[in-house]
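Here's the structure, in structure tokens; my notes come after.
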Amino acid sequence: MTVAVHVPEELSARIPVEQHGAGLDRDAVRLLVSRGCEVSHHAFVELPRLLRAGDLLVVNTSPTLAAAVDGRAGDARVVVHFSTRGDDGRWAVELREPDGKGTTRARAGGPAGLEVLLPGGVRLVLEEPLSARGDRLWWARASGAGVLGLLREHGRPIRYSYTERDQPLSVYQTVFALPSADGTGSAEMPSAARPFTARLVAELVSRGVQFAPITLHTGVASTEAHEPPYPERFSVPEASARLINEAQAADGRIVAVGTTAVRAVESAAGPDGVVRAREGWTDLVVTPERGVRVVDGLLTGLHEPEASHLLMLEAIAGRAAVGRSYEEALRGLYLWHEFGDVHLILPQEDPHTVHCSSNSW
């Protein structure tokens, strides 16, 4: 699929919205709402009146880890991004080069046997590429102290070049984040939920909107190399499966907060559309051909138009509708990335309305 969408650099959100001025909170971002080809513009704090009693929001409770650690590979300085912990105790990692500006740039992966010295005497040895699709991420084994202790002591949140400066880990935690039993979490924030505040959640609940928590630990994002998502660990508990099924039966809309929530709940859904409690690893890639069985809508950030993200949006809304919404986001100067504005995709109210026209797709 060819996508003719260029996001100007000035539309990258460089700092969190609450740092723009006194009195601002996380919910002071803009909200683009699309229902088929109909697009409207709102403030995020208007979300409670855009949803209705009986709607259900699926939210990801995975906490964000301080997953970036400085190290040395021989004489070279590197930054290790810890992505995902495997069942055998190894970690999927990405090695990157400092760029001299406080961020990093990609480097060639491997080779097998490469040893990286990390703070506290921890040694990390690369063993094999994570996937045959590419060698950006590698399985590696750490010696010495545990990786989670290393991250707590010496880690910092993963940061990319479009942001202005390092931020404390608290900036990358959503209101839904809960400590996991084994201490693991997400390498990068499940950012669609970032604008939610406790006040806004309370208002949604008071209006009859329900919440179904799931967990999916996100790995290192693949926007640079455009790979499909790697397998990720997820859990859909029994109580959340029941809430989703009951909301569906009562004609409530199932709105996923973030692509991670889509991936988790669709991985737990059978061909009949019934969601069952499930946990483990998912390699599901949601495409228009596969479609969605459960999710009616999606709240998501604005990201670079890379393949896997857009395929999921197309599966939910259709290609023309997604193209129209991206055009409107660019025209309206919405801000991109994890500190930026958000996009709410809802079902088309009248399926017989005129089709979208899009110049870019």
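Among the numbered criteria (1) surrounded by 14 or more Cβ atoms within 10 Å (Cβ to Cβ); (2) at pLDDT 95 or above; (3) over 25 Å from T260 (Cα atoms), which single criterion is violated by V80?
Just one mismatch for V80, condition (3).
Per-residue answers, yes or no, for (1) closer than 28 Å to V93 by Cβ; (2) not aliphatic (A, V, I, L, M):
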| position | (1), (2) |
| --- | --- |
| L200 | no, no |
| V209 | no, no |
| V236 | yes, no |
| Q248 | no, yes |
| A261 | yes, no |
| P271 | no, yes |
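Just checking, which of T184, T163 is modelled with pLDDT under 95, under 19 Å from V79 (Cα atoms), surrounded by 15 or more Cβ atoms within 10 Å (Cβ to Cβ) and of a type in the set (S, T, Y)?
Result: T163 is the single residue among T184, T163 that is modelled with pLDDT under 95, under 19 Å from V79 (Cα atoms), surrounded by 15 or more Cβ atoms within 10 Å (Cβ to Cβ) and of a type in the set (S, T, Y).
Residues of region 166-176 being surrounded by 13 or more Cβ atoms within 10 Å (Cβ to Cβ) and not β-branched (V, I, T), which ones?
Q167, L169, Y172, Q173, F176
Which condition from (1) under 18 Å from L298 (Cβ atoms); (2) of a type outside the set (D, E, K, R); (3) out of contact with any Asp or Glu (no Cβ under 7 Å at 6 or more places or on another chain); (4) at pLDDT 95 or above is the one that G252 breaks?
G252 satisfies all of (1) under 18 Å from L298 (Cβ atoms); (2) of a type outside the set (D, E, K, R); (3) out of contact with any Asp or Glu (no Cβ under 7 Å at 6 or more places or on another chain); (4) at pLDDT 95 or above except (3).
What residue, of G146, G100, is closer than 30 Å to V236 by Cα, at pLDDT below 95, outside the structural domain of L24 (by TED's automatic domain parsing) and not acidic (D, E)?
Being closer than 30 Å to V236 by Cα, at pLDDT below 95, outside the structural domain of L24 (by TED's automatic domain parsing) and not acidic (D, E) holds for just one of G146, G100, which is G146.
Scan region 274-302 residue by residue and report those that are touching a Ser or Thr at 6+ places or on another chain (Cβ under 8 Å) and of a type in the set (S, T, N, Q).
Listed by number, the residues that qualify are T282, T300.
Just the residues that are among the aliphatic types (A, V, I, L, M) and either assigned by TED's automatic domain parsing to the domain that holds S180 or within 18 Å of Q167 (Cβ to Cβ) (or both), please, taken from region 61-97.
Passing the criteria: L65, A66, A67, A68, V69, V79.
Within region 131-147, track down each residue that is aliphatic (A, V, I, L, M) and surrounded by fewer than 17 Cβ atoms within 10 Å (Cβ to Cβ).
A132, A145
Tell me yes or no: at least one residue of region 26-39 is over 19 Å from the mean Cα position of the chain (by Cα) and exposed (fewer than 15 other Cβ atoms within 10 Å of the Cβ).
No, that holds for no residue.
When you go through (1) surrounded by fewer than 17 Cβ atoms within 10 Å (Cβ to Cβ); (2) at pLDDT 95 or above one by one for P63, which number turns out not to apply?
Condition (1) is where P63 drops out.
So which of V125, V93 is farther than 18 Å from Y230 by Cα and not acidic (D, E)?
Only one candidate qualifies: V125.
The values are calculated or read from the model by the stated rules, or taken from the named source; none is laboratory data. None of these values were measured; they are calculated from a predicted model. Here the Cβ is made from the backbone with ideal geometry for all residues, glycine too, and neighbour counts use every protein chain on show.
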